[in-house]
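For reference, the structure discussed in these notes is given below.
The values are calculated or read from the model by the stated rules, or taken from the named source; none is laboratory data. Predicted, not measured: the structure shown is a model, and the values here were computed from it. Methodologically, a virtual Cβ is constructed for each residue, glycine included, from the backbone with ideal geometry; neighbour enumeration extends over all protein chains shown. These area figures cover heavy atoms from the full protein model, side chains too; ligands, DNA and RNA do not enter into them. Shrake-Rupley method; radii C 1.70, N 1.55, O 1.52, S 1.80 Å.
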Amino acid sequence: MERPIRTARTAQYLAVRAITVHGLGHPFALALLAAASTAAARAWDRGHPVDVIHPAQKARRAR
């Protein structure tokens with residue numbers, strides 16, 4: 001797995017955990033959510049399709 005994808009997945013995971021623990025309105029959760037979206041955008045800009053970042057999307061399209 002390439003670095004931009006790993007970074008995007010990790011950032012997304014941490015953001016979801018923070019939202020679960022602190023709620024969506026917490027500044028820490030919002031900062032992590034912003035970092036996750038930035039990491040996903042960077043991966044996209046480098047040519048990685050969304051289904052590489054989110055494997056569940058690929059599975060849904062295959063049905």
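So how do 19-32, 36-49 stack up, highest first, on mean other-Cβ count within 10 Å?
Values: 19-32: 12.9, 36-49: 15.0.
My ranking of the peptides, most packed first, is 36-49, 19-32.
Quick one: with all protein chains in place, what share of the accessible area of region 1-44 is carbon or sulfur, to the nearest percent (1.4 Å probe)?
On the way: 1970 of 3020 Å².
That share works out to 65 percent.
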